[in-house]
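Worksheet: one structure, shown below.
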Amino acid sequence: MCGGVAFEMTGTPVVVNHCHCSRCRKVRGTAHATNLFVSPDGIRFLRGAELLTTFRPPDAERFAHAFCKVCGSSMPRLTEHGAVVPMGSFDDDPGVRPMRHIFVDSKAAWDTITDDLPQLPGAPPPLW
């Protein structure tokens with residue numbers, strides 16, 4: 001939102017999930033988080049990498065939330081295995097669409113899934 005951080009996707013997306021877990025819902029303030037996964041070298045920061053910070057709950061095995069320190073916007077999170085990119089952080093169409101819903105057993109009671117995408121009750125199989 002503040003323009004301090006810019007990135008580009010240089011790799012091919014592996015998968016895009018609508019995640020309904022309680023952590024994703026709370027950190028995004030929505031019914032689900034839509035995240036794109038790409039190889040670690042598939043995201044390149046053009047500016048503002050020093051503005052990124054990450055919050056990880058102490059008991060989290062995989063979950064973390066990367067965001068801009070200035071405006072709080074969700075940003076890509078790089079791990080040793082891959083990059084997790086919030087789809088809403090792209091300025092342009094990344095050219096891929098959501099492929100499935102995950103952690104559907106944890107979805108908000110007020111949320112109704114209305115598409116025909118596959119629904120997994122919990123975590124998907126590991127990507128890497």
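The values are calculated or read from the model by the stated rules, or taken from the named source; none is laboratory data. Quantities reported herein were computed from a predicted structural model and do not represent experimental measurements. Ideal geometry is used to build each Cβ from the backbone, glycine not excepted, and the neighbour counts take in all protein chains shown. The area values use the complete protein model at the heavy-atom level, side chains included, leaving out ligands, DNA and RNA. Shrake-Rupley method; radii C 1.70, N 1.55, O 1.52, S 1.80 Å.
These residues, Ile113, Ile102, go from largest to smallest accessible area, 1.4 Å probe, as Ile113, Ile102. For region 34-43, the Karplus equation 6.51 cos²θ - 1.76 cosθ + 1.60, evaluated at θ = phi - 60°, returns couplings of 9, 10, 9, 10, 9, 4, x, 8, x, 10 Hz by residue, with Gly and Pro reported as x.
Rounded to the nearest 20 debye, the dipole magnitude of region 65-120 is 220 debye, with +1 charges on Lys and Arg beta carbons, -1 on Asp and Glu beta carbons, and the Cα centre as origin. Note on the chain: with a GNM built from Cα contacts shorter than 10 Å, the maximum mean-square fluctuation among Thr34, Thr12, Thr112 falls on Thr112. Centre-to-centre separation between the Cα atoms of region 58-110 and those of region 1-57: 4 Å.
Per-residue extension of 0.36 nm, minus the Cα-Cα distance of Ala108 and Val14, leaves a gain of 31.2 nm for this segment. Computed from point charges on the beta carbon alone (+1 for Lys and Arg, -1 for Asp and Glu), the dipole magnitude for the chain about its Cα centre is near 340 Debye. How would region 58-103 be classified by its alpha-carbon gyration tensor: rounded, prolate or oblate, with rounded meaning a/c under 1.5 and the a/b versus b/c comparison settling the rest? It comes out oblate by the Cα gyration axes. Placing a label point 7 Å from the Cα of Met1 along the Cα-to-Cβ direction, the residues of region 42-58 whose backbone N falls under 19 Å from that point are 48-49, 51-55.
Both the radius of gyration and Dmax for the chain are 14.3, 40 Å, in that order, over alpha-carbon atoms. What percent do you get for the relative contact order of the chain when only Cα pairs under 8 Å and 6+ apart count? Relative CO of the chain lands at 28 percent. Note on region 75-128: percent of Cα-Cα distances in each 5 Å bin, starting at 0 and stopping at the bin with the largest distance, equals 4, 14, 19, 23, 24, 14, 3, 0.
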